[in-house]
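K.L.:
Sharing a structure here in structure tokens format.
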Amino acid sequence: MLREKRAADIAQVLAKYPPERKRSAVMPLLYIAQEEYGYCSDEAIREVAEIIGCDPTEVKSIVGFYTMFYEQPVGRYVIDVCDDLPCALRGADKFVTYCEKRLGIRAGQTTPDGKFTLNTVMCIAACDRAPVAQVNREYRYELTEESFDRMLDELSQS
Amino acid sequence: MADLVNLTIDGVPVSVPKGTLVVDAAKKIENDIPVFCYHPKLKPVGMCRMCLVDIGMPKIDPATKQPVRDEQGNVVIAFMPKLTTACTTPVSEGMVVRTATEQVRAAREDILEFLLTSHPLDCPICDKGGECPLQNLTLGFGPSVSRFDYDAKFHNEKHVPLGDLIYLDRERCIQCSRCIRFQDEIADDHVLQFHDRGRGMEIITFSDPPFDSYFGGNTTDICPVGALTTADFRFKARPWELASTQSLCTHCPVGCNITLNTRLETKSGGYEIKRVMPRQNEQVNEIWICDKGRYVHHFTRAEDRLRQPMVRRDGRLVEATWEQALQLVGERLKAAGTSVAAVVGDRIANEDAYLVAKLVRALNGAIGMSPSVPAHYADVARAFGVGAHANLAHLGKGDVILVVNGDVEEQAPVWFLRLRQAVVDRGAALVIAHSRSTKMHRYARAIHRYEPGYAARWVADRSEELIAKESLKDARNLLIVFGDEQLDGPSARALAQGLANLLIATGHAGKADSGLLPLYPHANTQGVFDVIAGADRAAASNGANGKVGADLRSPICDSRFEVAWLIGVGDASDAPSAGFTVVQELFMTALAKQADVVLPALSFAEREGTFTSGDRRVQRFYRALPPLGEARPDWWIAQEIAKRLGHSWGFQGPAHIFADLAHSIPHYSGLSYEVISKSEPQWPPMGRGDLYYGGTVYDNTGGLGARYASDAERDPAGVRPYDGAAPEPTIAGLERRPRPLYRDGELIRRSAVLASHIVPAQEVA
């Protein structure tokens, strides 16, 4: 139970909001849940709903809207590559194809060993240094096939 | 008026109150701006873009702050660079709206083309087909051909159960969010939301249980496409095959106006109800009904409805002709003399109760009500009930709503919706006194508690404290909603009297939007009381024996009579013991099985009549179905029995009976079928030809009803507080458990669609 495992963190988040507005804490609490379980599981969504006193449907809707909340289990490393138009003009679309080939999965999937999840995402505000990816939220700029291979090797060893 | 705003729409001048939205202002001059997401009962969101119009304002000179004029002296209008949503833009002085320009026409066509890119166009099998706003608006404003390839359509799940009562067709959905907003803003059950975004956006529920709301059916009415359908009606009929009859819901004291949609069914041997829909009456239910009212209709054509009179021969009930049965009842009544007791259920029409009481009075018998508790306080509710012109929509800031010992959502669901809006949207203060928690508690400013059964004692002891603490004397209005759960008759009476005293003490007695609102069990509790108690008063003033009304509060079920006549008492468990029992019913109830004669009655759907709602509105219902078998209306049966006893009344039907009733019952004088059948256009317009709903079921042509004045209104000088202390709770009272909406009963049991929702009597807590 999230409430027991992360009691201090939850209390810290809730303290930022007046008690009658505690539903505003939904996003920080979902991040805690995602940290704890690796993704926003159905169980986690119901726990968060209970903590903030709203219907689980409302929490599910928020998880569904924001791409950084995962509804399915993800790999240890989540690689989000932007393939919006400006990035694509700098070769992001071809880069994604390479990533898929190299990892042996399609965008949106996780490698069978549970190590990597590849996603294509909307603008992450770094077109000037595209192709760009976030790996577990950390930016990697001006990626190439070679630098991607190196990155995978590093991550595989860690 | 100072806060009227003047504008022109397509050159037509219109003046509307400040804050009115352009779309509503246009409605006032019958300019229907097409909409999908906008609904006049919901807050605007501007999501669908269908209502785009061209809006301009007078150009203001920044230096002089005066409108700029051209050479001819006309005010120069500065139009917005792009089209604007009429549903989110409030009117302003001098505004010019253009809805008939080429730009607007093209915008509407574009929006429809987009909406139809993935709409399945399965109209031939869609429940909404024929009364679908998307169909209507496409025909009116859409492109004649689509540039999209049918094979390129985005397909989606078609039969998604959101709960056991509502199905979602994801590819028909146009994401207008009316259903989500209804559940959020009106029902306050937040069980529907959007999930994902863009092309992937869809309606979901993640609640447990899923879409489970007493008001869920309303989402299928306001859905502008066939995305939401009810488990009860889906694939059952096409809207254009249905006949509509103006009717009333019978299940609670609200008196919701409904439309019964019927169709000829060869296999069931006649017409049957295919669907129950709300009928607009802004003073009663607006355009809402609860799911009980929507789904409990199946009893009307249940296989086991009584179709033939039955008499007991050699210990067994066997079928008989009306002549045989009436003859027998007549003989037994003749032989019984005055040892006759009638018990009348509170679902039967005023006209039925009136003739039963008339006959019992002629026989000098006794009469009682079932359930008997409301008879103990219905006169108090009538004396201090809400004013003749009260409307829950009037309540808001400065008003206090006091709920005592009642569960408004369970016992009068549509009052719950309307009272909640008075509190949440318009700022009325809610004070609750109850022995347990209810959904209404969410909105309370103050909550008071007492032990179960002690409601009357609590009110008697704490009134002064309550008046001071909640500043009840300073309130603009004081509306008191009260229930009788866990109270016996004397305690329920003491509670009603204590609350009436509270109205008097705070100066609210007799005020238009103040007064008592009783949570009676059924649709005609007040009416049956009025009619049988009032008939007695008339008799008393004529010098006749006043026994009828005197017995109303006495426990006739504890006495023994020669003949007991039980009319529509349903699954009531107690009855007077008698040498000979006649039961008039829809079903072979436990009491009917024990009876000597069982007479088959017609349901409300098969006849006409009137009900008096919990707030004393007398309303008409009309015949939707042909009679079933040999069953007859209760008034007809009473008149035929009277005939066997030598009373030839010669009433031709309910209208004729009502004229006599209104003549002899003082509270009903001035009321007639003509008065209560009057209708007037409702605002917001929601009926025929309107774009918010493609069908005609909301049309109210059967009458808005009329409320008779309370005693406190009629005779303010005669208002006196009641005296007498509240009695101790009794076991009998405590055993009257709270009544949940889906409590088990003879009628709800016949609706398979609600089977999993029924709360068995022993589990009621």
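The values are calculated or read from the model by the stated rules, or taken from the named source; none is laboratory data. Values in this document were obtained by computation on a predicted structure and should not be read as measured data. Because the Cβ atoms are built from the backbone with ideal geometry, glycine has one as well, and the counts that use them run over all protein chains shown. For accessibility, only protein heavy atoms count, side chains too; no ligands or nucleic acids. Shrake-Rupley method; radii C 1.70, N 1.55, O 1.52, S 1.80 Å.
K.L.:
Taking B:Phe148, is it in contact (Cβ under 8 Å) with a residue 40 or more places away in the chain, more than 14 Å from chain A (Cβ to nearest Cβ), open to solvent by 30 Å² or more (accessible area, probe 1.4 Å) and over 21 Å from B:Val424 (Cβ atoms)?
P.N.:
On the way: in contact (Cβ under 8 Å) with a residue 40 or more places away in the chain: no; more than 14 Å from chain A (Cβ to nearest Cβ): yes; open to solvent by 30 Å² or more (accessible area, probe 1.4 Å): yes; over 21 Å from B:Val424 (Cβ atoms): yes.
Criteria not met by B:Phe148.
K.L.:
Looking at B:Phe211, B:Phe206, B:Phe154 in this structure, which one is among the aromatic types (Phe, Trp, Tyr) and away from chain A (no Cβ under 14 Å)?
P.N.:
On the way: B:Phe211 fails: away from chain A (no Cβ under 14 Å); B:Phe206 fails: away from chain A (no Cβ under 14 Å).
Answer to the check: B:Phe154.
K.L.:
For the stretch B:1-57, which positions are in contact (Cβ under 8 Å) with a residue 60 or more places away in the chain, in a strand (DSSP E or B) and not hydroxyl-bearing (Ser, Thr, Tyr)?
P.N.:
Result: B:Val5, B:Asn6, B:Leu7, B:Ile9, B:Val16, B:Leu21.
K.L.:
Considering the stretch B:326-385 alone, what residues qualify as being in contact with a Gly (Cβ under 6 Å, 6 or more places away or on another chain) and either part of a helix (DSSP H, G or I) or among the charged types (D, E, K, R) (or both)?
P.N.:
B:Arg347, B:Asn350, B:Glu351, B:Val373, B:His376, B:Phe384
K.L.:
Considering only the stretch B:476-486, state which residues are under 16 Å from B:Ala390 (Cα atoms), open to solvent by less than 10 Å² (accessible area, probe 1.4 Å) and in a loop (DSSP other than H, G, I, E, B).
P.N.:
Initially, the stretch B:476-486 is screened for residues under 16 Å from B:Ala390 (Cα atoms), giving B:476-481.
Remaining after also requiring open to solvent by less than 10 Å² (accessible area, probe 1.4 Å): B:478-481.
Selection gives nothing.
K.L.:
Determine which member of the set B:Pro58, B:Pro44 is modelled with pLDDT of 95 or more and out of contact with any Gly (no Cβ under 6 Å at 6 or more places or on another chain). Break it down into steps so the answer makes sense when it comes.
P.N.:
Details: B:Pro58 fails: out of contact with any Gly (no Cβ under 6 Å at 6 or more places or on another chain).
Being modelled with pLDDT of 95 or more and out of contact with any Gly (no Cβ under 6 Å at 6 or more places or on another chain) holds for just one of B:Pro58, B:Pro44, which is B:Pro44.
K.L.:
Search the stretch B:168-202 for residues being facing another protein chain (nearest Cβ under 10 Å) and of a type in the set (A, V, I, L, M, F, W, C), and hand back the single one that is surrounded by the most Cβ atoms within 10 Å (Cβ to Cβ).
P.N.:
Step by step, filter the stretch B:168-202, then rank; the result is B:Leu192.
K.L.:
For the stretch B:293-320, which residues satisfy the criterion of being open to solvent by less than 40 Å² (accessible area, probe 1.4 Å) and closer than 30 Å to B:Phe233 by Cα?
P.N.:
B:Gly293, B:Arg294, B:Tyr295, B:Val296, B:His297, B:Phe299, B:Thr300, B:Ala302, B:Arg305, B:Leu306
K.L.:
Within the stretch B:57-111, which residues are among the acidic types (Asp, Glu) and open to solvent by 90 Å² or more (accessible area, probe 1.4 Å)? Quick ask: steps written out before the conclusion?
P.N.:
To start, the set of residues in the stretch B:57-111 that are among the acidic types (Asp, Glu) comprises B:61, B:70-71, B:93, B:102, B:109-110.
Passing the criteria: B:Glu71, B:Glu93, B:Glu102.
K.L.:
Please specify each residue of the stretch A:99-158 satisfying the condition of being closer than 25 Å to A:Leu89 by Cβ and of a type in the set (Gly, Ala, Ser).
P.N.:
A:Ala107, A:Gly108, A:Ala125, A:Ala126, A:Ala130, A:Ala133, A:Ser147
K.L.:
In the list B:Glu713, B:Glu728, which residue meets the criterion of being at pLDDT 90 or above, farther than 28 Å from B:Gly507 by Cβ and either open to solvent by 20 Å² or more (accessible area, probe 1.4 Å) or not aliphatic (A, V, I, L, M) (or both)? Before the answer, list the steps.
P.N.:
Values: B:Glu713 fails: farther than 28 Å from B:Gly507 by Cβ.
Only one candidate passes the filter, namely B:Glu728.
K.L.:
Being open to solvent by 10 Å² or more (accessible area, probe 1.4 Å), out of contact with any Asp or Glu (no Cβ under 7 Å at 6 or more places or on another chain) and outside the structural domain of A:Gly38 (by TED's automatic domain parsing) narrows it down to one residue among A:Glu71, A:Glu50; which is it? Break it down into steps so the answer makes sense when it comes.
P.N.:
Values: A:Glu50 fails: outside the structural domain of A:Gly38 (by TED's automatic domain parsing).
Unique residue meeting the criteria: A:Glu71.
K.L.:
Filter the stretch B:393-423 down to the residues that are touching a Phe, Trp or Tyr at 6+ places or on another chain (Cβ under 7 Å) and in a helix (DSSP H, G or I) and list them by number.
P.N.:
Here is the first cut: in the stretch B:393-423, the ones touching a Phe, Trp or Tyr at 6+ places or on another chain (Cβ under 7 Å) are B:404-406, B:408-409, B:413-414, B:417, B:420, B:423.
The answer is B:Val408, B:Glu409, B:Pro413, B:Val414, B:Leu417, B:Arg420, B:Val423.
K.L.:
Which condition breaks for B:Gly694 when tested against (1) at pLDDT 95 or above; (2) of a type in the set (Gly, Ala, Ser); (3) buried (at least 18 other Cβ atoms within 10 Å of the Cβ); (4) at negative phi?
P.N.:
Tallying (1) at pLDDT 95 or above; (2) of a type in the set (Gly, Ala, Ser); (3) buried (at least 18 other Cβ atoms within 10 Å of the Cβ); (4) at negative phi, B:Gly694 fails exactly one: (1).
Matching residues to (1) open to solvent by 20 Å² or more (accessible area, probe 1.4 Å); (2) over 19 Å from the mean Cα position of the chain (by Cα); (3) over 25 Å from B:Pro729 (Cβ atoms):
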position	(1), (2), (3)
B:Lys334	yes, yes, yes
B:Ala357	no, yes, yes
B:Ala366	no, yes, yes
B:Ser372	yes, yes, no
B:His376	yes, yes, no
B:His394	yes, no, yes
B:Ile401	no, yes, yes
B:Val408	no, no, no
B:Pro413	no, no, yes
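K.L.:
Does at least one position in the stretch B:378-389 carry a residue that is open to solvent by 10 Å² or more (accessible area, probe 1.4 Å) and farther than 16 Å from B:Arg707 by Cβ?
P.N.:
Checking the stretch B:378-389: at least one residue is open to solvent by 10 Å² or more (accessible area, probe 1.4 Å) and farther than 16 Å from B:Arg707 by Cβ.
Condition check ((1) within 14 Å of chain B (Cβ to nearest Cβ); (2) under 19 Å from the mean Cα position of the chain (by Cα)) across all residues:
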| position | (1), (2) |
| --- | --- |
| A:Cys54 | yes, no |
| A:Thr57 | yes, no |
| A:Pro73 | no, yes |
| A:Asp80 | no, yes |
| A:Pro86 | no, no |
| A:Val96 | no, yes |
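K.L.:
Pairs only if they're at least six apart or on different chains, beta carbon under 7 angstrom, first in the stretch A:53-65 and open to solvent by 30 Å² or more (accessible area, probe 1.4 Å), second hydroxyl-bearing (Ser, Thr, Tyr); list them, first residue then second.
P.N.:
Once the first residue is open to solvent by 30 Å² or more (accessible area, probe 1.4 Å) and sits in the stretch A:53-65, its partners that are hydroxyl-bearing (Ser, Thr, Tyr) give A:Asp55/B:Ser207.
K.L.:
If B:Gly226 satisfies all but one of (1) in contact (Cβ under 8 Å) with a residue 60 or more places away in the chain; (2) within 14 Å of chain A (Cβ to nearest Cβ); (3) crowded, with 22+ Cβ neighbours inside 10 Å, what's the number of the condition it fails?
P.N.:
(2)
K.L.:
Would you check which residues across the stretch B:451-462 are in contact with a helix residue (DSSP H, G or I) (Cβ under 7 Å, 6 or more places away or on another chain) and open to solvent by 20 Å² or more (accessible area, probe 1.4 Å) and list them? Explain how you work it out, then say what you get.
P.N.:
In the first step, residues of the stretch B:451-462 are kept if they are in contact with a helix residue (DSSP H, G or I) (Cβ under 7 Å, 6 or more places away or on another chain); the result is B:452-453, B:455-456, B:459-460.
B:Pro452, B:Ala460 - these are the residues of the stretch B:451-462 that are in contact with a helix residue (DSSP H, G or I) (Cβ under 7 Å, 6 or more places away or on another chain) and open to solvent by 20 Å² or more (accessible area, probe 1.4 Å).
K.L.:
In addition: Quick one: B:Met686 ticks every box in (1) open to solvent by 40 Å² or more (accessible area, probe 1.4 Å); (2) over 30 Å from B:Ile504 (Cα atoms) except a single one, so which number is it?
P.N.:
For B:Met686, the exception is condition (1).
K.L.:
Which of the residues spanning the stretch A:19-47 are within 14 Å of another protein chain (Cβ to nearest Cβ) and open to solvent by 60 Å² or more (accessible area, probe 1.4 Å)? Spell out the reasoning first.
P.N.:
Start the filter on the stretch A:19-47 by keeping residues that are within 14 Å of another protein chain (Cβ to nearest Cβ), which leaves A:20, A:23, A:26, A:30, A:40-47.
Scanning the stretch A:19-47 gives A:Glu20, A:Arg23, A:Asp42, A:Glu43, A:Arg46.
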